[in-house]
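Participant: I'd like to ask some things about the structure below.
Each value in this text was obtained by applying a stated rule to the coordinates, not by laboratory testing. From a predicted model like this one, the values you see are computed outputs, not experimental measurements. A quick note on method: Cβ atoms are made from the backbone with ideal geometry, for glycine too, and the neighbour counts reach across all protein chains shown.
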Amino acid sequence: MGKFHVVPAFDYVGEARHHCRALRKHGLSSLLLVNEACVADYSGCADKLVTCSDLFFEDAIVDSLKPFAQDLVRFAAIHDRFWPAVLGAAARLGIPFPTQRGQINCRIKPRMRSLLRQTFPVECRLLDVHSPFGISALAALSELGPRYIAKPIWGQSGDYVRVFSNDGGGHDAMSCLGTALLNDCTLRPFFDGETTWNPRSQLLVEEFLPGREFSLEGFIQENQMVPLMIQEKFFWAESGGLRFETANLAPTPFLHAKESRSIEHWTREVLQTLELNNSFFHLEFKWNGQRFSIIEVNPRLGGGSVPRMLNYWFGIDVRELEFNLQMGTPIVQRFSGRKGFLLGTFVSAPESGIVDAIEGIDLVRSRSQFAFDTRYLGRGQAILREENAMAGREAWMYGYDAFYWCHDTAEIPHLHHETQDRVHIRMKPADPGAINRSSCA
């Protein structure tokens, strides 16, 4: 069979199948690493299927792959939830991992803040919420301003991220946040070569940055950055201390060309400082007309509908681009997109329960501006809302996305509000104890 490219199984079976198909298309062999309980879901997916007792545990990955160590070329994919185990196992098994240092610098948020503090400073504190000193340090958070944001030192989809007001009521909420982290068995310590980080006890607390919020999608190859699109997050909502957008504009029509050029210049500086190379990136930032502030830098594309959005706008296959980046295949440096902009509007689940139906989709698709939509939830699927422990946005927000191709900013309010008013995710009640986030599929 030859040398294998290792694909750790994703939360969604379709993603793992895609990676394996891409490897086969290019004449390469895949080894799929999958949890024992989910073997049947991945049958026929890869050239070789190997079971692993715990994809979040470095030792378990090493034990599963050790018999094949001489036949492993590289890890072909990484996932936000189990990247520490993958990077740690790759180092121990001697499997090359492209831009490993850049991955670590981006993914460990306190490390990112430290590296960027000279050029893009943000007031922040790293707290050990399970130590007496850590709890007492909460009293000093007034220095961060009237509002501050607490986030895990790594994670995905807004898990455990909460916004607090500095009114003296944050102590108990922060303690609950620390307890939720402590009880998350998927979070494991990671040694980056200098420091051991513990995501179950450490919290990063930062000033709540002012300004409009944006993200920049692009990639960097052989230290040459290619910006693809600046999106603006739009029409904000807040629930249970979690702040989230209900729409975005891609590319935003509300930036001048000079502003866009400045943002791209600063992004190059950020990527160079973080030593990220040969990777997609998703940079989230705020801009108030004067200050450019980094929220986070992800060594991957944005999630949700972002790949489909880029496919639609540029007529490119971003998955093929991702494969070429990983394999070192040169990529054309510029892409031409459509005129105007895309308005994405996002409908979330209204409550915990069982999905019964998503109503109003026909209305969305009948609009002349309709471009594409993404349906995340299926009938009978159990989902959570934010009141369930510290569930992040992926547990409830990602229900349905509708994207419209627009040429006039006057179209934005009507299309957004009509979608929010007419598209409904109908739920059936369910026993909260029966709703489980973890799933093979």
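Participant: Show which aspartates and glutamates lie in cross-link reach of K66 when reach means a straight Cα distance below 20 angstrom and same-chain residues fewer than eight apart are skipped.
Facilitator: E36, D47, D54, E58
Participant: What are the ³J(HN,Hα) couplings of the range 123-129, residue after residue, when phi is run through the Karplus curve with 6.51, -1.76, 1.60 and θ = phi - 60°? Round to Hz, x for glycine and proline.
Facilitator: My calculation for the range 123-129 gives 5, 8, 9, 9, 10, 9, 6 Hz in order.
Participant: Just round it to a whole percent: the fraction of Cα-Cα distances in the range 212-434 exceeding 34 Å. It would help to have the intermediate numbers written out before the result.
Facilitator: Values: 4465 of 24753 pairs.
That tail contains 18 percent of the Cα-Cα pairs.
Participant: Using θ = phi - 60° and the Karplus relation 6.51 cos²θ - 1.76 cosθ + 1.60, list the HN-Hα couplings for the range 85-90 in order, rounded to whole Hz, with x at every Gly or Pro.
Facilitator: Each residue's phi maps through the Karplus curve to give 5, 5, 5, x, 5, 4 Hz.
Participant: Let me ask another. Would you work out which of A22, A69, G94 lies farthest towards the positive end of the dipole of the range 4-97, given +1 charges on the beta-carbon of Lys and Arg and -1 on that of Asp and Glu, about the Cα centre?
Facilitator: The listed residue farthest towards the positive side: A22.
Participant: As an exercise, find the ratio Rg/Rh for the range 1-100 from alpha-carbon atoms, using the Kirkwood inverse-distance average for Rh.
Facilitator: Taking Rg over the Kirkwood Rh, I get 0.91.
Participant: Let me make sure I get this right: for the range 177-253, a, b and c are the square roots of the gyration tensor eigenvalues over alpha carbons, sorted descending. Under 1.5 in a/c it's rounded, otherwise prolate if a/b > b/c, else oblate. Which is it? Walk me through the intermediate numbers first.
Facilitator: Working: a/c = 2.77, a/b = 1.32, b/c = 2.10.
Cα axes put the range 177-253 in the oblate bin.
Participant: Still on this structure: List the pair-distance distribution P(r) of the range 123-207, using every Cα-Cα distance, as the percent of pairs falling in each 10 Å bin from 0 up to the bin containing the longest distance, rounded to whole percents.
Facilitator: In order of increasing distance, the bins hold 17, 54, 26, 3 percent.
Participant: Moving to a separate point now. Step through the table entries K233/K339; K286/K339; K109/K258; K3/K109; K233/K258; K109/K233, compare each Cα-Cα distance with 31 Å, and write down the pairs that go over it.
Facilitator: Beyond 31 Å between Cα atoms: K3/K109.
Participant: Just the ratio, please: alpha-carbon radius of gyration of the chain over 2.2 N^0.38 Å, N its number of residues.
Facilitator: 0.97
Participant: Name the residue farthest towards the positive end of the dipole of the chain from the options I78, H265, G399, assuming +1 on Cβ of Lys and Arg, -1 on Cβ of Asp and Glu, about the Cα centre.
Facilitator: Of the options given, the answer is H265.
Participant: OK, next. If each of R365 and F335 carries a label point 7 Å out from its Cα toward its Cβ, how far apart are those two points in nm?
Facilitator: Those two pseudo-labels are separated by 2.5 nm.
Participant: Let me ask something else about it. Just to check I understand the Karplus step: with θ = phi - 60° and J = 6.51 cos²θ - 1.76 cosθ + 1.60, what whole-Hz values come out for the range 153-166, glycine and proline as x?
Facilitator: Those phi angles translate into 6, 7, x, 8, 6, x, 4, 6, 7, 9, 9, 10, 9, 7 Hz.
Participant: Out of every Cα pair in the range 164-321, what percent are spaced more than 18 Å from each other?
Facilitator: Working: 8390 of 12403 pairs.
Looking at the range 164-321, the distances longer than 18 Å represent 68 percent of pairs.
Participant: For the chain, what is the charge dipole size about the Cα centre, in debye to the nearest 20, if Lys and Arg each add +1 at the Cβ and Asp and Glu each add -1 at the Cβ?
Facilitator: Rounded to the nearest 20 debye, it is 920 debye.
Participant: So, by mean Cβ neighbours within 10 angstrom, what's the order for 91-100, 330-339 with the highest one leading?
Facilitator: Details: 91-100: 14.7, 330-339: 10.7.
Listed from highest to lowest mean packing, they are 91-100, 330-339.
Participant: Would you compute, from DSSP H runs of 4+ residues alone, the mean residue ellipticity of the chain at 222 nm, taking -39500 (n - 2.57) per run and dividing by the full residue count, rounded to the nearest 500?
Facilitator: Rounded to the nearest 500, the figure is -8000 deg cm²/dmol.
Participant: Check which residues have an amide H placed less than 5 Å from S29's amide H, if you skip close sequence neighbours.
Facilitator: Counting only residues 5 or more places away or on other chains, the set is H5.
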